[in-house]
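The values are calculated or read from the model by the stated rules, or taken from the named source; none is laboratory data. If you're wondering where the values come from, they're calculated on a predicted model, not measured in any experiment. Neighbour counts run over all protein chains shown; Cβ positions are idealised from the backbone, glycine included.
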């Protein structure tokens, strides 16, 4: 019989004590096929434990890896996660709130690279939110950097979703990749251009929020 690996203990209240510990630990657990126990999850946040977007991230990684999970419920402050394998599949992930699509996607990209046929993800939630990765950051920063490593990610925006309702939707395709290209960022390049995208909910059209944001940025 194969040897069962011992649980790696991870304190979820370390340093900032937010959801990033959970996302990173789960992604590495799936890739390394190493079970983890994460305790004191988001203990330093106003509402500790698994919130909806963290719950959905955990669910997605559970499905992808055929994992057994203990403590799998909203508000849980401790989980035990036992991944088995990495599957190629298509998943529909509905955060049901304005929870960040960008943060939900974050741990799924490295896991998808190690699947035999890649991953296709349909995610609903918030596309822009305070303190979270906006979709534009994926287009302008994350995806180009990943491409230099050899990772191919395609992200299509179907609909924007704003706080507090959410309702945004994206479709993501992550291609499989095992052999990566080293990333060399030791030399600072020169500034070529500065660009941005200003957008706002359609309900704010009369207030010209998108236009005022653009004007302020150009000052």
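Remark: residue 138 falls outside the filter, which requires a residue to be in the same structural domain as residue 106 (by TED's automatic domain parsing) and farther than 24 Å from residue 61 by Cβ.
Residue count for the range 38-63 satisfying the condition of being surrounded by fewer than 17 Cβ atoms within 10 Å (Cβ to Cβ) and over 18 Å from the mean Cα position of the chain (by Cα): 6.
The residue that is surrounded by the most Cβ atoms within 10 Å (Cβ to Cβ), counting only those in the range 200-213 that are at pLDDT 90 or above and assigned to a loop (DSSP other than H, G, I, E, B), is 208.
Selection of helices (runs of 4 or more DSSP H) fully inside the range 64-171 by the criterion of at least 1 residues being more than 17 Å from the chain's Cα centre (by Cα) returns 143-149. The listed residues are 146, 185, 157, and the only one of them that is surrounded by 10 or more Cβ atoms within 10 Å (Cβ to Cβ) and over 17 Å from residue 112 (Cβ atoms) turns out to be 157.
So is residue 197 outside any strand (DSSP E or B), over 27 Å from residue 64 (Cα atoms), touching a residue at least 40 places away in the same chain (Cβ under 8 Å) and not assigned by TED's automatic domain parsing to the domain that holds residue 99 or not? Taking the combined requirement at face value, the residue satisfies it.
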